[in-house]
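All remarks here apply to the structure that follows.
The values are calculated or read from the model by the stated rules, or taken from the named source; none is laboratory data. Fair warning: this is a prediction, and the values are worked out from it, not measured in the lab. All Cβ positions, even for glycine, are placed from backbone atoms using ideal geometry, and neighbour counts span all protein chains on display. Protein only, heavy atoms only, side chains kept; ligands, DNA and RNA dropped before computing areas. Shrake-Rupley method; radii C 1.70, N 1.55, O 1.52, S 1.80 Å.
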Amino acid sequence: MDYFHYKEGKLFCEEVPVEAIVKAAGSPCYIYSANTLREHYRKFYKAFSALDPLICFSIKTCNNLHIIQELVAEGSGIDTVSGGEIFLARKAGADARNIVFAGIGKTDEEILFALDQEIGIFNIESAEEFENLARLAKMRNKKVDAALRVTPDVVDEKTHAKTKTGYKGSKFGVDIDKAIQFFNTYGKDTHVSLCGIHIHIGSPIYSPAPYEIAIKKILSLIEELKQQGHAVRIFDIGGGYSADYEKGKSASYEDFAAVIVPLLKPYVEKGMKIILEPGRTISGNSGILVSKVLYRKEGGHKKFIIIDTGMHHLIRPALYDANHFMWPVVSDGISNEGRVVDEKGEGLQAYDVVGPICESSDYLAKDRYLPEMKKDDLLAIFTAGAYGMVMSSNYNATCKPAEIMVDKQQVFVIRERETYEDLIRSDKKSTLTV
Ligand code: LLP
């Protein structure tokens, strides 16, 4: 699962005590395990290796340059959704041909940047976007590959309403029943070769079943397209593969592959290229957010633990009611190695774990059973490597935390903690000539 584990009541990241890291780096901080990242990538690739896929790590989950570099070194391609992400992927050394560019609102500047970088494939989400890409590719005299993002009308009921994407009426992609018409209209463009299909059915997806339904729907679409003279040679099945927010919560890579590989293998044997865009399943369990207890208090029937991090550093509980397992970094006597969120063991009490931000939605857990904690104790919030730091903000003029990476016994600062000066760095007044 990952290399965060307790030894004699103390949390370690790989071979280093987390307490020692925080003593040196300060609190709060994100701590990543390099070997968890690498191992997740390798295991994911291995599970799907029969498809010889292009794995494009979704850097919207975690875009620290040094993390991207680790995955690029493993051979990963990159799933991007903005010019900025393409820039980061290239800075991290990703081969442009292994970059996919999705997103419903690509600007002309972003498209031109992607064309100039000669990225591998554009995932197209509307007719107007296709026409715009064709116009810009012609202007730059480039030939590019594109995949049509199709909405297969499949959802996983367990996925939060705010992160479901595969349903009809979602803002993403083109309805599956409009796909043939799309290929008939745009399939012969001279600058944009419409040669692929892309899906992303939502995140997280906890079991293989929704993939099975969606892929079967797309394979019959591909057969119909073939009959109409359109050869689909790339099938990008997107991301969504869950992470273990609690131990064993998500299906394993082998479980996903056992369903997906047999469906796609016959097509791969006939020359189809498969792309997968895993995000959180690679990075989620690779990172924790560590925070310090500031105060305790009681209000009404509630007990509160007030910590020095919150929605400004990890917004998932506030935005999606997400459950992140958390436990004291030094936990004498009481262990919860199973990472079970609602464990009500002896010595545990229910607390609301809240941050310093002036919002009632600034909490990281509600009614969470935890051992007693006191001022300056450290609390680790697990599975924070995906959609953690990337969604952080400076709300309430707070500084973003440091990011630390551990590789066995070595510890690196990979992003410095922000300072007050960083808060005003871009606040420059100048005359705008209009
Ligand atoms: N590919 C596409 C086209 C996507 O839109 C996404 C995520 C991924 C891949 C990666 O999905 P993953 O494997 O990480 O589940 N902020 C939300 C999740 C938003 C997902 C956006 N798209 C959260 O914290 O749960």
Residues satisfying the stated conditions in region 368-405, i.e. under 24 Å from G248 (Cα atoms) and either part of a strand (DSSP E or B) or more than 16 Å from the ligand (Cβ to nearest atom) (or both): R368, Y369, L370, P371, L379, A380, I381
Which one is farthest from the ligand (Cβ to nearest atom), of the residues in region 40-52 that are open to solvent by 10 Å² or more (accessible area, probe 1.4 Å) and closer than 19 Å to I99 by Cβ? D52
Elements of type strands (runs of 3 or more DSSP E) contained in region 285-367, each with 3 or more residues being within 16 Å of the ligand (Cβ to nearest atom): 287-299
Among the helices (runs of 4 or more DSSP H) confined wholly to region 1-80, which include 2 or more residues that are more than 19 Å from the chain's Cα centre (by Cα) and not assigned by TED's automatic domain parsing to the domain that holds T163? 18-25
When L319 is evaluated against the numbered criteria (1) within 22 Å of C62 (Cα to Cα); (2) out of contact with any His (no Cβ under 8 Å at 6 or more places or on another chain); (3) crowded, with 18+ Cβ neighbours inside 10 Å, which criterion, by number, is the only one it fails? (3)
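Could you say which residue among D177, D189 is in contact (Cβ under 8 Å) with a residue 40 or more places away in the chain and either within 14 Å of the ligand (Cβ to nearest atom) or open to solvent by 10 Å² or more (accessible area, probe 1.4 Å) (or both)?
From the options D177, D189, the qualifying one is D189.
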Pair list, Cβ < 9 Å and 6+ apart or interchain, from region 354-382 residues that are more than 24 Å from A20 (Cα to Cα) and touching a residue at least 60 places away in the same chain (Cβ under 8 Å) to residues that are open to solvent by less than 10 Å² (accessible area, probe 1.4 Å) and assigned to a strand (DSSP E or B): P356/I307
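For A147, state whether it is in contact with a Gly (Cβ under 7 Å, 6 or more places away or on another chain), assigned by TED's automatic domain parsing to the domain that holds I237, small (G, A, S) and at pLDDT 95 or above.
Working: in contact with a Gly (Cβ under 7 Å, 6 or more places away or on another chain): yes; assigned by TED's automatic domain parsing to the domain that holds I237: yes; small (G, A, S): yes; at pLDDT 95 or above: yes.
Here the answer is yes, as A147 does meet what is asked.
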Can you name the number of the only condition in (1) closer than 23 Å to T61 by Cβ; (2) not in a loop (DSSP other than H, G, I, E, B) that E157 fails? (2)
Given the conditions (1) away from the ligand (no atom under 12 Å from the Cβ); (2) of a type outside the set (A, V, I, L, M); (3) open to solvent by less than 20 Å² (accessible area, probe 1.4 Å); (4) assigned to a helix (DSSP H, G or I), report the number of the one that F256 does not fulfil. (1)
Checklist (1) within 20 Å of K106 (Cα to Cα); (2) not in a loop (DSSP other than H, G, I, E, B) applied to I213, failing item: (1)
